[in-house]
Amino acid sequence: MIEIKVQEGPFAGIEAGTLIVLGFDGEAPPVVDSVLDGWAGELYASGEFTGKAAESAILHRPSGMKAKRLALAGAGKRDRFDATGMRKAVATAVRTLKGKSLRDLHFWLEHPEFAQAAVEGAILGDFEPDQMKTDPKKGDKRLQSFTVCVAEGSAGSLPDEAISRGRILAESQNFARELKNEPANRLTPLVLAERARQMAAEVGLDCEILDEDRMRQLGMGSLLGVAQGSDNPPALIILRYTPEYASGDDHLALVGKGVTFDTGGYSIKPADGMEKMKYDMGGGAAVLGAMRALAQLKPAVRITALIPTVENMVSGRAQRPGDIVTTLNGKTVEVLNTDAEGRLILIDAITYAIRLGCTHLVDAATLTGAIVVALGYQHVGAFTNNEEFLGRVMTAGKAAGESMWHMPLDEEYKEYLKSAYADLPNIGGRWGGAITAAKFLEEFVEGKPWVHLDIAGTAWLEEGKPYMAKGPSGVPVRTFVNLAMNWGG
C-alpha cells in the first residue's frame, strides 16, 4: 500500500528524491524558473519539453533546491485542465518515474482543489496487472510513497478529506481492477462471492449470497439457464448499505454482470481473444469496487448492490439455442443465442432488486460487441427509460472522467424482439445489437427509473496508456461513487 503524505514549505526547500511539477502546454511553470533561472523556459524554447500531455523532463541535482531531482510533467492546455487532467498527468508521471525505479515521489500542488485527483492519479498509475507473476523484483518498481507538497502555510487550503477520499476511491477502483484481472480458474462464481463477503466484512456492509437452491426456489430460471452448463455453481451476491440519516425514501440499486468466464456456450466464441473473457464480470467488479468506496464515504442514500455471477460453459448440461426459460418476473424468453447470456442473468437480478424495494436502477455490463462497433473504445454506451435520471448518471460520469454517450432506445426497436414461441427472444437480429440488448433489459425494469451502461469497450484496455496499464480499467467505479455521493444535490 502506498503511503500518502502532505508536506508544506517553500518550493526550493522541499526535501525529496524526486519533486514533480506540472507544466502546461506552451507555459513554463514560473515556480521552477524563479528558482532555476529560466531552466524550464529554455526547455520550452528548444522544444525539448512543450507541456503537452504525457511529456516529461528530468533535471538532476537542481541548483538551489533540496530535491535531488526535478521532474516536469506535461499537463496539456491550461484552459482544458480539470480533475481528469490532473488525474491523468499525475498517473503518467508516476508510471514514467517508477519505471526508472524511483519509488518515493513528491508532487508540487499548485491547485488545491485537485488534491483528490492527484492522489487518485498516483494510486491508479501505480497499478500493474502482474499479480500472478512470481518475479521477486517486481515490487522494485512499485511506488512506496507519494507526498503532496503545497506552499508554506497553505496546507489548510486543501479541501476537507480530499486526501482520504482520493485514496479510498482509487484503492477501490484498483480492487475492481484486480478482480477483473483474476483468471477464471482462480475466480469462479463462488470465489467471487467469497471475495465480496470478505470485502463487505472489512468495510461494514451487509452481505447475503443466494445459492443455486435458493435461486431455484425463487424462480430465477433465466439466470440458472446460463449457469447450468458449468461445474461451478452460480451465486447472486447482494450487498446492502444503509445510511445513518437518509436524505429521502430513494433506494438505489447497482446491478453488475458477473460472468467469470464466457465461452459463448453452444453459440461459441472464436478462439482468438477468448482468453480475455475472464473480464466479462467487469460490471460486477465495478459494482463491488464502488460499494467498497461508498461504505467508507457514507452517502445519504440507501444502496443495494446485486451481482449475478455465473460461468457460461459448454457441456452436456448446457443451455441450447432454442431453449425457453421462465424469468423471475414470469415472462418467458426464447434463447436464440447462448452468447447473449449477460442480459439473461441481469434480468433476474433486476427483478429481484425491484422486489427488494429499489426505486432507481443502474446496471453495468460488458454486454455487447455491438457497442464497440458503435462507439469504439472511447465511450460507455448509456441507455435509459428516464432522461432526467440519465442526466444525473452522465453528470456523475463526466465529473469522474468516465466518458459516456447517450444511445437511443426508441419504442420502434422493440419490433426487433419478436418470438413465435415465447414472450420475447434474447437477441434482436444483426442490426442495432447494443440497442436491442438494452431494449430487452427494459422489458424487466417495470417502469422504474433505469440506466443501462454497456462497458464492453471501456472495461479493458487492449494496450496500455501513458497513465494506465494494459488490462482492466475499473470503469465505471468512479461514476457510481459520484452518483451516490451527490444523490441529494
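Listed here are the residues, each with its yes/no results for (1) within 22 Å of the chain's Cα centre (by Cα); (2) touching a residue at least 40 places away in the same chain (Cβ under 8 Å).
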site: P159; (1), (2): no, yes
site: R167; (1), (2): yes, yes
site: E182; (1), (2): yes, yes
site: E194; (1), (2): yes, no
site: G225; (1), (2): no, yes
site: D231; (1), (2): no, yes
site: Y241; (1), (2): yes, yes
site: V255; (1), (2): yes, yes
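Residues being in contact with a strand residue (DSSP E or B) (Cβ under 7 Å, 6 or more places away or on another chain) and either buried (at least 20 other Cβ atoms within 10 Å of the Cβ) or closer than 15 Å to G125 by Cβ (or both): count how many of those fall in region 78-114. Qualifying residue count, region 78-114: 15.
Any idea which residue in region 392-404 is nearest to G121 (Cα to Cα), counting only those that are open to solvent by 30 Å² or more (accessible area, probe 1.4 Å) and in a helix (DSSP H, G or I)? So, considering only residues that are open to solvent by 30 Å² or more (accessible area, probe 1.4 Å) and in a helix (DSSP H, G or I), the one nearest to G121 (Cα to Cα) is A399. Filtered by the rule that a residue be open to solvent by 20 Å² or more (accessible area, probe 1.4 Å) and within 15 Å of L192 (Cβ to Cβ), region 226-252 gives N232, P233. When L218 is evaluated against the numbered criteria (1) surrounded by fewer than 18 Cβ atoms within 10 Å (Cβ to Cβ); (2) free of Cβ contacts under 8 Å to residues at least 60 places away in the same chain, which criterion, by number, is the only one it fails? (2) is the only condition that L218 fails. Among strands (runs of 3 or more DSSP E) entirely within region 306-380, having at least 3 residues that are surrounded by 24 or more Cβ atoms within 10 Å (Cβ to Cβ) and not β-branched (V, I, T) singles out 360-365. Only one entry of S154, S172, S145 meets the criterion of being under 30 Å from P234 (Cβ atoms) and open to solvent by less than 40 Å² (accessible area, probe 1.4 Å), and that entry is S172. Taken together, the residues in region 436-489 that are open to solvent by 40 Å² or more (accessible area, probe 1.4 Å) and either among the small types (G, A, S) or in contact with a Leu (Cβ under 7 Å, 6 or more places away or on another chain) (or both) amount to 9.
Where the second residue is open to solvent by less than 80 Å² (accessible area, probe 1.4 Å) and of a type outside the set (D, E, K, R) and the first is at positive phi and lies in region 397-412, which pairs have Cβ atoms under 8 Å and are six or more apart or on separate chains? Hits for this filter: G401/A83; G401/T84.
The values are calculated or read from the model by the stated rules, or taken from the named source; none is laboratory data. No experiment lies behind these values; they were computed from the predicted model shown. Here Cβ is always computed from backbone atoms with ideal geometry, including for glycine, and neighbour counts include all displayed protein chains. Note: areas computed on protein heavy atoms with side chains; ligands, DNA, RNA excluded. Shrake-Rupley method; radii C 1.70, N 1.55, O 1.52, S 1.80 Å.
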